[in-house]
Amino acid sequence: HPYGVLSLDIPDGKFLCTMSAPDERADKKEGEGTDSQEIRVWNWQDGSDAPLCSALVGNPDVQSCVRFNAWDPHELVTNGKRRVFFWTYDVVVWDLSLIVDGLSRPDERRAVKIIKLCPDLALNVLLVHKPFVVVGAADGAVRFYDYQFRTQAWFEDLSAGAVKSISFELPSASDAGDDYAAQSAEELFKFPNFLVSTNSALVVLVESNLNLFYELKAENRRGRLVLQGLDSPVHGLCCHPTQPLVAVCGYSGFLHLWNYNVRTLHLVKIFEKLVPHTLQFSRDGGLLVLGFTNGHVKILKSSDLSEIASFRDSRECVTHVAFSHDSTHLAVAHLDRCVRRSEEHTSELQSPITS
């Protein structure tokens, strides 16, 4: 696939299906179909580099997900924002049409039942983990339903961002026969451990043995953070002059302070309405200065990232920050070709001077 892969699925150890990314070149005319988007089925056991079969989507609605029929690997389904397509390379997927003759094409299907599980929310993850239908939503919650879509449990206090994927722990040999199906109203809700990844680059572990669903306090229902990454490109990076710390900032508003010896996250600060672009430690390591895209400058204590001072003398992006050797003077350069100098006396910053 020359433009990348948007989605793939593996139903068993034999077949693999891939959905290519569309051609997003700048010279592609608006309104053209996704002629470059292709679906392919592979047999990765036969040692061949060629797919078993392939087909072009040929529709302006970009297909973003592909899945095999769990009961028949010769049937597939793909979906975009507005349309769902059913594919087959062996038999007909549907024998009977539920559409009145003359109102649509013979190969078109329409939804006959719609259930709004989470009104006004995007459902980013929808999977079946026997005996539950599990949903991960844009509000950051993971919800469990039975096969009649009746709510069984919900984890709405993970506070880690919109859910992007959910992965359940495989059963051990001792409990391989336990499918969590025998649950009555009197029993505690049982579920396997699962991992949740979010669009904030966080991975959270929700453990069944802790009975998180029944915890009274919201902070006790958040699961355990096992990985914290960066959810946007790094635009500012600076090392501490004396300690094994590196500060990084990015356009999603994050400021992270990492210890590169033990490879752990030391401190975090999030700027909700500001976009950090550059940062710099003072020569003695006591201060950390951030410059933002809207011209704001903030001076923080490097020990706890608490704010000491903030000023704004330009509406243009801060491009460079530099301290004097004794850490008493600070120069800030903006995109409007101005350099501003600040002086520090008795821990209070004086008015900047434009030059």
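Quick look at the numbers
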read-out	value
Selection within the range 139-161 - aliphatic (A, V, I, L, M) and at pLDDT below 90	ALA153, LEU158, ALA160
Residue in the range 172-194 that is at pLDDT 90 or above, surrounded by 11 or more Cβ atoms within 10 Å (Cβ to Cβ) and out of contact with any helix residue (DSSP H, G or I) (no Cβ under 9 Å at 6 or more places or on another chain) present	no
Test: SER200 is open to solvent by less than 30 Å² (accessible area, probe 1.4 Å) and polar (S, T, N, Q)	no
Pairs, first without any contact (Cβ under 8 Å) to a residue 60 or more places away in the chain in the range 66-90, second of a type in the set (Asp, Glu) and open to solvent by 50 Å² or more (accessible area, probe 1.4 Å), C-beta under 7 Å, six or more apart	HIS74/ASP90
Hits in the range 319-340 - residues which are touching a Ser or Thr at 6+ places or on another chain (Cβ under 6 Å) and either closer than 13 Å to ASP284 by Cβ or open to solvent by 40 Å² or more (accessible area, probe 1.4 Å) (or both)	PHE323, SER327, LEU330, LEU335, ASP336, VAL339
Residues located in the range 228-267, provided they are open to solvent by 80 Å² or more (accessible area, probe 1.4 Å), within 17 Å of ASP304 (Cβ to Cβ) and part of a loop (DSSP other than H, G, I, E, B)	THR242, GLN243
Strands (runs of 3 or more DSSP E) completely within the range 109-169 that count 1 or more residues being within 24 Å of ALA70 (Cα to Cα) and touching a residue at least 40 places away in the same chain (Cβ under 8 Å)	123-129, 132-137, 142-145, 163-168
Long-range neighbours under 8 Å by Cβ, at least six apart or interchain, first residue closer than 24 Å to PHE254 by Cβ and touching a residue at least 40 places away in the same chain (Cβ under 8 Å) within the range 200-213, second surrounded by 17 or more Cβ atoms within 10 Å (Cβ to Cβ) and of a type in the set (Val, Ile, Thr)	VAL204/VAL196; VAL204/THR198; VAL206/VAL142; VAL206/VAL196
Search result, residues across the range 5-17 that are open to solvent by less than 60 Å² (accessible area, probe 1.4 Å) and under 17 Å from ASP61 (Cα atoms)	SER7
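The values are calculated or read from the model by the stated rules, or taken from the named source; none is laboratory data. Every value quoted in this text rests on a predicted model; they were computed, and no experiment measured them. Neighbour counts are summed over all protein chains in view; Cβ atoms, including those assigned to glycine, are modelled from backbone coordinates with ideal geometry. Side chains included, ligands, DNA and RNA excluded: accessible areas come from the protein's heavy atoms. Shrake-Rupley method; radii C 1.70, N 1.55, O 1.52, S 1.80 Å.
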